Amino acid sequence: MIKIKAKDVDVFYGKKQALFNISLDIEENQVTALIGPSGCGKSTFLRCLNRMNDVIDICNVKGEILINDFNINDKSCDVVRLREKIGMVFQKPNPFPKTLYENVSYGPTIHGMAQSKQEMDEIVETSLKKAALWEEVKDRLHEPGTGLSGGQQQRLCIARAISVRPEVILMDEPCSALDPIATAQIEELIDELKKEHTIIIVTHSMAQAARVSQNTGFFHLGQLIEHGSTDKIFKNPDNKKTQDYITGRFG
Amino acid sequence: MNLILFTFIVLLGFTSYYFGRKKAYTIQSTKKRLTALPQFYGYYLAIWCAIPAFIIFSLWAIFEPTIVKLLILSDYSNQGYLDDELNLIYEKTKALSRGQFTGEITPFIEASAEKYLSLRSIAQSSKVVIVLSAIISSVAYAYKRISSNSRTREPVEKFLNAVLFTASLAAILTTVGIVFSLIFQTIDFFKVIPLFDFVFGTHWYPAKAFVRDSSEALDPTMYSDTFGAVPIFAGTFFIAFIAMCVAIPIGLMSGIYLAEYASTKVRQYAKPLIEILAGIPTVVYGFFAALTVGPFLKELGTSMGLEVSAESALAAGGVMGIMIIPFISSLSDDVITSVPQSLRDGSYAMGATKSETIKRVIFPAALPGIVGSILLGVSRAIGETMIVVMASGLAANLTLNPLESTSTITAQIVVILIGDQAFGDPKTQAAFALGMSLFLVTLCLNIVALRVVKKYREKYE
């Protein structure tokens, strides 16, 4: 099943074009990895999917992005609802300067998802459990989230993202600031999360893309060079550039 | 004379810098490696020039007047003069030597004046000789000593360290000096006026102390009900409260607008414009309050059937609040801008709107800085003088009606110290006691501010 369908997406930063004519289909309940050298536009594309580029004044997005067959670049799209459906995890863990509990309950509070304290407690607990953080923090839910280790902070951010039960989770190099053990934990978690969510992950690590994803898209200089199943991209790519990048000849 | 000498020493300093560097280059040209860059050799010599000059100048400044005085007055010893009379003779001598003496000139004084002049010129020329010879010999000594492996970098760094340390010490010592000058006068004041009367008395009427004939003996009982500071403390806090009621909402909201909502272009113009407010002299705010706002409020009040004093606490407090707006808006704009963008992104990505993000994430994160800016504003409000003197009247009424006139600590200090004053008089010392209390209040405020800021820091970092 196709969850997200991007059609001819162009992105401009002021007069400079960052993405050229991107068309990409993303499968439901699978992990799609976006790879490519730095500055190739993969993060920019990711930020198109929950309209985070709106925050940047000079950024201008053209083309259609259909999520559940609804164009999110349409004027009638409610960004608040969109971002409820499409969660995001950032490169650097960015927990709010609040308690662990407040961090996770942030989204449900904004979207009015809990009618009582009990319901909220449940949401917080399930989210933290799904993010494989519950056992480590259940005794200190009311301590600041910034006191955790880097890997724990990132899992807290994942818990925060899944607390509103999004359909899609966007991950922008979620492991680049973490050590190998924390990275392994997050990768395991991604595997678990794809049962309920569609995941799109931007990564610099080819090994990570190969480990966690079912589909891969390769970006280069603002263009989508090739996309397909991860197996095919890594073993038998069609394009010479993809081949070169995968084998480490540039990038 | 001193100016020429000083210029000459500065020139000598530059010359020794030049020679030090030149020597370093010479050493370098013989393919030897230096222990420091050639400039350091230059600075090193310049320091050898500056230190003896500084020492000798300060020695002269300290001892010359004392020694000259001793020598002059030695002529008068064994003649049974009292110390005060000797001092008078010395002052007369000095005045005569400057040609400013108008009284009757006695031959004794004339002789002393001549002696004084000759002593001064001896002192002056010996200073020139000693300074120059000391500098030249110390520089020459250092110049001979420096070689390829002499250490010049460390002494230069140490010297800079010492200079910077002295500068900060001067700032601290000034504060200490001010506090001590307040303390002693305040203690004298409380010897006459009981502390209890000052802190809890509700009548402030220092004009009563003007009436005292200074030839009469000091009678503490006549001051009861004169120096009760409650009304002016109440007035101070009341006016500061009115000011903060104006400044906090407006300042904070404009700070948030500038930091979060305003486009780069608007911000570029709006921020300097708001900061212009901070540059307006308070005396200008004062007559704005006294001549424009005060009468306007009075008319407005009269048309609504209220009795408004032309010099009301409301006018003074309101205008003071306007004066404080830029402090709060500019500082809170800075702290809000410094909240990392990643927190905003995190909140937006959860589907939060701009106002939710500000309320729930940015404001709490910026709170320590915002509290700091508000407390800074409060200290300004409490210490502000000119606006109150001009716009709020000088009568110390104990009132909580913003439409009446009240007075503040600062305004009362002005009232007390304007015109003729006698030291050692309770009226004058009252000003010091008030200054001391003001200092204590702002000190406490600053301590509280630091505490609050630290507490939130611990919570959020």
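The values are calculated or read from the model by the stated rules, or taken from the named source; none is laboratory data. Quantities reported herein were computed from a predicted structural model and do not represent experimental measurements. Here the Cβ is made from the backbone with ideal geometry for all residues, glycine too, and neighbour counts use every protein chain on show.
Pairing each residue of the range A:47-76 that is without any contact (Cβ under 8 Å) to a residue 40 or more places away in the chain and more than 11 Å from chain B (Cβ to nearest Cβ) with any residue that is among the acidic types (Asp, Glu) and not in a loop (DSSP other than H, G, I, E, B), provided the two are 6+ apart or on different chains, yields C-beta distances under 7 Å for A:71/A:64; A:73/A:64.
Which one is modelled with the lowest pLDDT, of the residues in the range B:15-35 that are over 16 Å from residue B:138 (Cβ atoms) and of a type in the set (Phe, Trp, Tyr)?
First pass over the range B:15-35, keeping only residues over 16 Å from residue B:138 (Cβ atoms): B:18, B:21-22, B:24-35.
Those still in the list that are of a type in the set (Phe, Trp, Tyr) too: B:18, B:25.
Working: B:18: 92, B:25: 88.
In this case the residue turns out to be B:25.
Determine, yes or no, whether residue B:257 is under 30 Å from the mean Cα position of the chain (by Cα) and assigned by TED's automatic domain parsing to the domain that holds residue B:386. For residue B:257, the condition - under 30 Å from the mean Cα position of the chain (by Cα) and assigned by TED's automatic domain parsing to the domain that holds residue B:386 - is not met. Each residue in the range B:355-390 was checked for being farther than 22 Å from residue A:104 by Cβ, touching an Asp or Glu at 6+ places or on another chain (Cβ under 9 Å) and within 14 Å of chain A (Cβ to nearest Cβ), and 1 of them qualify. Sub-7 Å Cβ pairs linking a first residue in the range A:163-187 that is more than 16 Å from residue A:92 (Cα to Cα) and within 14 Å of chain B (Cβ to nearest Cβ) to a second residue that is hydrophobic (A, V, I, L, M, F, W, C) and surrounded by fewer than 18 Cβ atoms within 10 Å (Cβ to Cβ), at least 6 apart or interchain, are A:164/A:113, ordered by first then second residue.
Within the range B:319-334, residues that are farther than 23 Å from residue B:391 by Cα and at pLDDT 90 or above reach partners that are of a type in the set (Phe, Trp, Tyr) and surrounded by fewer than 24 Cβ atoms within 10 Å (Cβ to Cβ) with beta carbons closer than 9 Å, at six or more positions or on different chains, in the pairs B:329/B:257; B:333/B:257. Only one entry of B:168, B:126 meets the criterion of being of a type outside the set (Val, Ile, Thr) and surrounded by 11 or more Cβ atoms within 10 Å (Cβ to Cβ), and that entry is B:126.
Taking the condition aliphatic (A, V, I, L, M) and out of contact with any Phe, Trp or Tyr (no Cβ under 7 Å at 6 or more places or on another chain), does residue A:55 pass? Against the criterion (aliphatic (A, V, I, L, M) and out of contact with any Phe, Trp or Tyr (no Cβ under 7 Å at 6 or more places or on another chain)), residue A:55 does not qualify.
Selection within the range A:43-77: residues that are over 17 Å from the mean Cα position of the chain (by Cα) and small (Gly, Ala, Ser). The member of this set that is surrounded by the fewest Cβ atoms within 10 Å (Cβ to Cβ) is A:76.
Checking A:173, A:226, A:187 one by one, the residue that is among the acidic types (Asp, Glu), in contact with a His (Cβ under 7 Å, 6 or more places away or on another chain) and surrounded by 15 or more Cβ atoms within 10 Å (Cβ to Cβ) is A:173 and no other. Does the range A:206-235 hold any residues that are in a loop (DSSP other than H, G, I, E, B) and touching a helix residue (DSSP H, G or I) at 6+ places or on another chain (Cβ under 9 Å), and which are they? Result: A:213, A:214, A:222. Annotation note: of B:106, B:93, B:166, B:102, the sole residue that is without any contact (Cβ under 8 Å) to a residue 60 or more places away in the chain, under 30 Å from residue B:21 (Cβ atoms) and not hydrophobic (A, V, I, L, M, F, W, C) is B:166. Evaluated against (1) over 37 Å from the mean Cα position of the chain (by Cα); (2) surrounded by 13 or more Cβ atoms within 10 Å (Cβ to Cβ), residue B:155 falls short on exactly one condition, (1).
Of all residue pairs spaced 6 or more apart or on separate chains, none has beta-carbon atoms under 8 Å together with a first member in the range B:239-262 that is of a type in the set (D, E, K, R) and a second member that is buried (at least 20 other Cβ atoms within 10 Å of the Cβ) and not in a helix (DSSP H, G or I).
Rundown of residues vs (1) more than 28 Å from residue B:2 (Cα to Cα); (2) in contact with a Lys or Arg (Cβ under 7 Å, 6 or more places away or on another chain), yes/no style:
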position	(1), (2)
B:91	no, no
B:100	no, no
B:114	no, no
B:126	no, no
B:131	no, no
B:145	yes, no
B:148	yes, yes
B:152	yes, no
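Does the range B:334-349 contain at least one residue that is more than 14 Å from chain A (Cβ to nearest Cβ), out of contact with any Ser or Thr (no Cβ under 6 Å at 6 or more places or on another chain) and closer than 15 Å to residue B:257 by Cα? It would help to see each step written out before you state the result.
Within the range B:334-349, the first condition is being more than 14 Å from chain A (Cβ to nearest Cβ), and the residues that meet it are B:334, B:337.
Of the ones still in play, those that are also out of contact with any Ser or Thr (no Cβ under 6 Å at 6 or more places or on another chain) are B:334, B:337.
With the extra rule that they be closer than 15 Å to residue B:257 by Cα, the set shrinks to B:334, B:337.
Scanning the range B:334-349, I find at least one residue that is more than 14 Å from chain A (Cβ to nearest Cβ), out of contact with any Ser or Thr (no Cβ under 6 Å at 6 or more places or on another chain) and closer than 15 Å to residue B:257 by Cα, so the answer is yes.
Scanning the range B:367-404 for residues that are in a loop (DSSP other than H, G, I, E, B), more than 24 Å from the chain's Cα centre (by Cα) and crowded, with 23+ Cβ neighbours inside 10 Å returns B:392, B:393, B:396. Would a scan of the range A:134-149 turn up a residue that is closer than 23 Å to residue A:199 by Cβ, within 14 Å of chain B (Cβ to nearest Cβ), out of contact with any Phe, Trp or Tyr (no Cβ under 6 Å at 6 or more places or on another chain) and at pLDDT below 95? Looking for residues that are closer than 23 Å to residue A:199 by Cβ, within 14 Å of chain B (Cβ to nearest Cβ), out of contact with any Phe, Trp or Tyr (no Cβ under 6 Å at 6 or more places or on another chain) and at pLDDT below 95, one finds at least one in the range A:134-149, hence yes.
Considering A:89, A:80, which residue is crowded, with 22+ Cβ neighbours inside 10 Å and either within 14 Å of chain B (Cβ to nearest Cβ) or at pLDDT below 90 (or both)? Don't jump to the end; show me each part of the working.
Values: A:80 fails: crowded, with 22+ Cβ neighbours inside 10 Å.
Residue meeting the stated conditions: A:89.
Of the helices (runs of 4 or more DSSP H) lying entirely inside the range B:33-147, the ones with 3 or more residues being of a type in the set (Phe, Trp, Tyr) are found at B:38-73, B:107-145.
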